[in-house]
1. Of all residues in segment 140-190, how many are among the polar types (S, T, N, Q), without any contact (Cβ under 8 Å) to a residue 24 or more places away in the chain and not in a helix (DSSP H, G or I)?
2. If you take the residues in segment 40-65 that are farther than 18 Å from SER152 by Cβ and at pLDDT 90 or above, which one is farthest from the chain's Cα centre (by Cα)?
3. For a quick check of your reading of the model, give me the residue pairs whose first member lies in segment 65-89 and is in a loop (DSSP other than H, G, I, E, B), whose second is at pLDDT below 90, with beta-carbon atoms closer than 8 Å and at least 6 apart or on different chains.
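The values are calculated or read from the model by the stated rules, or taken from the named source; none is laboratory data. Values in this document were obtained by computation on a predicted structure and should not be read as measured data. Here the Cβ positions follow ideal geometry from the backbone for every residue, glycine too, while neighbour counts run over all protein chains shown.
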Amino acid sequence: MSRRHGTDGVGDVQPRIPRQQARELQEQGVQRADSDDARLSAELAAVVAGARRRAVRDGDGQIDTAHLLHSLLESDPEVRAVLGEGPRIARLFGYLVQRSIGYGLRWHGAVEDSGGVPVVTGTAGFSPLAAGCMEYAHGRAARNGGGPARGSDLLAALVADPQARAAEVLERAGIDPRELFARLEAPSSR
């Protein structure tokens, strides 16, 4: 057996959890959400991919706003800074993690749609509300300079509708979604 030289001497090792292909995701009930959308920054495309993995892992049929919030917090330091480091962010992660082991189980199998956002059709893999949030983020980015949507654009979208699961999680963690939305929409924060 030949041994490759590297820092750990292990060489070529396959990942323990193989990447799921689109066909496997569809078999599990989650259609592939479009993370290759040119209107997304590279960072936000990674957020969508992370939310998709989380939805599959949780056994949910669609990516909802709480999946997007969880993935956004994990990957965007700017968003974490807006929410505040320390105990607030730890409490928020705690609620998001509890989603699949108790808190949030009432969401399992239910489609997230508050009726407050127009239903966006043709956005496979997202709940109607999450699809509306993605469109809102794209529109906000276009209004604020025309670049691709970023994490702060998506965060503003996630808290725009108080019926969103993301807004409910934020509220339970002691973060007022309405106050956060007002801060994000203030001219100085754009």
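1. Counting residues in segment 140-190 that are among the polar types (S, T, N, Q), without any contact (Cβ under 8 Å) to a residue 24 or more places away in the chain and not in a helix (DSSP H, G or I) gives 0.
2. Across segment 40-65, the extreme among qualifying residues is ARG53.
3. If the second residue must be at pLDDT below 90, the pairs left are ASP76/GLU43.
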